[in-house]
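Notes follow once the structure below has been shown.
The values are calculated or read from the model by the stated rules, or taken from the named source; none is laboratory data. Note that the structure is predicted; figures quoted are calculated from it, not measured. Cβ sites come from the backbone with ideal geometry, for glycine too, and all protein chains shown count toward neighbours.
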Amino acid sequence: MTEEIPDHILMSAIAQGEEAPLRLLIERHQRAVYGTIYKMIGDASEAEDLAQRVFLRVYQSAGRYRPEAQFNTWLMTIVRNLVLNEYRRRQRKPWESLFHPENDEPREFSDPVQRTPDQHLAESELAEAIHAALQELPEKQRMAMVLSRYHDMPYEEIAKTLKTSISSTKSLIFRARETLKISLKKYLQP
Amino acid sequence: MKKEHPPQNGSSSPDEALDLLLDQVPLQTPSDWFVTQTIARIRRESVVVEKRSLRWIWAGAASLCLLLFWTGFEIYQQSQNEVLSITSLDVNNWSEGIEDSWPGQ
């Protein structure tokens, strides 16, 4: 039932100061927002803080929101802007590493099933390898790749989010895939 | 959210294999209390923003009052100076200047 309420309707209700639609919107998009930020910066606690800031900005912009663009595209533009700000902040403070695998526990996955310790180990190694490979990509390629692969976003929407052309988006994704194929070669062997 | 893919055994191209590999590590979910924490933070920070805006409004109003007071004071002082300059004229010699400049003199 709640899935039927479009995001722009929720946004206009949020602009009126209602809390229930805000809760609904956060519940609906929390995984997309948090998951994307986590893939971009590779730090769970930072990702949670940034994701909260994304929703704070959504709340503050609710009155100005116009449903001309798709809500997801608009939301991912906010995500990207905040992630870029975070990169800049960390460039000013280089002692804060972008990737802290030692204090970074991977969160629950979408398909929690019973696994043996060996399977767990192999999976966490794979997760770490994928994570590291993604972190090695330039920011724009990484964002394009995450939006394309994990959000199933069409090229046009990715281009809008990244403020670039469709052909440039295609090129970004192609180059990201080529780099990932090399980085993850070990896991791609049959 | 994810794209549908054929089973791994049937994958042949490196692109398909890469997609399957990436799909094994999907988007992570935040902690269970994320929604509650986010709403609490939004409430908290919105109040801070409101207080900050209110502070700016008060500061603006105070500056305006100060400006009005200063302008009023300046006008008052100017008018007082004019009154003083009129009253300080030498009453006995008030016509000296006029007589000197009288036409025909």
For the stretch B:12-44, which residues satisfy the criterion of being buried (at least 16 other Cβ atoms within 10 Å of the Cβ), under 37 Å from the mean Cα position of the chain (by Cα) and not polar (S, T, N, Q)? B:PRO30, B:PHE34, B:VAL35, B:ILE39, B:ARG41, B:ILE42
Elements of type helices (runs of 4 or more DSSP H) contained in the stretch A:137-188, each with 2 or more residues being within 18 Å of A:GLY35 (Cα to Cα) and within 20 Å of the chain's Cα centre (by Cα): A:139-150, A:155-162
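Just wondering, is there one or more residues in the stretch A:10-18 that are in contact with a His (Cβ under 7 Å, 6 or more places away or on another chain) and on the phi < 0 side of the Ramachandran plot? Before you say what the answer is, go through the steps one by one.
So in the stretch A:10-18, the residues in contact with a His (Cβ under 7 Å, 6 or more places away or on another chain) come out as none.
So far as the stretch A:10-18 goes, no, none of its residues is in contact with a His (Cβ under 7 Å, 6 or more places away or on another chain) and on the phi < 0 side of the Ramachandran plot.
Condition first: closer than 30 Å to A:GLU125 by Cβ and facing chain A (nearest Cβ under 8 Å). Now tell me which residues in the stretch B:24-61 satisfy that. Working first, answer last.
Keep residues of the stretch B:24-61 that are closer than 30 Å to A:GLU125 by Cβ, which gives B:24-34.
Selection gives B:GLN24, B:VAL25, B:PRO26, B:LEU27, B:GLN28, B:THR29, B:PRO30, B:SER31, B:PHE34.
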With respect to A:ALA47, determine if the residue is more than 7 Å from chain B (Cβ to nearest Cβ) and either surrounded by fewer than 16 Cβ atoms within 10 Å (Cβ to Cβ) or in contact with a strand residue (DSSP E or B) (Cβ under 7 Å, 6 or more places away or on another chain) (or both). no
Quick one: A:HIS120 ticks every box in (1) part of a helix (DSSP H, G or I); (2) modelled with pLDDT of 90 or more; (3) not charged (D, E, K, R) except a single one, so which number is it? (2)
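Determine if the stretch A:21-35 includes at least one residue that is hydroxyl-bearing (Ser, Thr, Tyr) and at the interface with chain B (Cβ under 10 Å from one of its Cβ atoms).
We begin by selecting, within the stretch A:21-35, every residue hydroxyl-bearing (Ser, Thr, Tyr); these are A:34.
With at the interface with chain B (Cβ under 10 Å from one of its Cβ atoms) added as a condition, the list becomes A:34.
Yes, there is a match, as at least one residue in the stretch A:21-35 is hydroxyl-bearing (Ser, Thr, Tyr) and at the interface with chain B (Cβ under 10 Å from one of its Cβ atoms).
If you go through the stretch A:152-172 one residue at a time, how many are within 11 Å of chain B (Cβ to nearest Cβ) and over 15 Å from B:LEU20 (Cα atoms)? Reasoning before the result, please.
Within the stretch A:152-172, the subset within 11 Å of chain B (Cβ to nearest Cβ) is A:152-153.
Then drop every residue that is not over 15 Å from B:LEU20 (Cα atoms), which leaves A:153.
So the answer is 1.
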Among A:GLU19, A:GLU46, A:GLU27, which is the only one that is farther than 30 Å from A:ALA133 by Cα, of a type in the set (Asp, Glu) and out of contact with any Gly (no Cβ under 7 Å at 6 or more places or on another chain)? A:GLU19
For the list (1) modelled with pLDDT of 90 or more; (2) at the interface with chain A (Cβ under 7 Å from one of its Cβ atoms), I need the number of the one condition that B:PRO14 fails. (1)
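For every residue, the table says whether it meets (1) over 29 Å from A:GLU27 (Cβ atoms); (2) touching a Leu at 6+ places or on another chain (Cβ under 9 Å).
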position	(1), (2)
B:LEU21	yes, yes
B:VAL25	no, yes
B:GLN28	no, no
B:TRP33	no, no
B:THR36	no, no
B:ALA40	no, no
B:ARG43	no, no
B:ALA59	yes, no
